[in-house]
Amino acid sequence: MARAVIFSGKDPKKERPAAAGPSADQVRCWRCRGLMIVESSFDFTGDAGQLDCLTQRCVQCGEVIDPVILQNRRLQLEKNLARM
């Protein structure tokens, strides 16, 4: 089951009226600025001993972000910065 992401740690119902638009806390896709939702994904081939993990998926373009993707992007960024 998918759900919208709000990272503020506060209750959104108490922060703003129900008729208000989307919260500024919601994560947006870096590609299309669409809404990212959190989903539970399963990795049956992983050797880390972790069968499920939380991923983010854009409801508009389908971009998926998981811990491995984030790690690879961070390593690539560090590698590119080291070249400078």
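The values are calculated or read from the model by the stated rules, or taken from the named source; none is laboratory data. It should be emphasised that the depicted structure is a prediction, and the values quoted were computed from it without experimental measurement. Here Cβ is always computed from backbone atoms with ideal geometry, including for glycine, and neighbour counts include all displayed protein chains.
Can you confirm whether Asp25 is modelled with pLDDT under 95 and in contact with a Cys (Cβ under 7 Å, 6 or more places away or on another chain)? So Asp25 fails the test. Residues in the stretch 51-84 that are over 14 Å from the mean Cα position of the chain (by Cα), within 14 Å of Ser41 (Cα to Cα) and charged (D, E, K, R): Asp52 alone.
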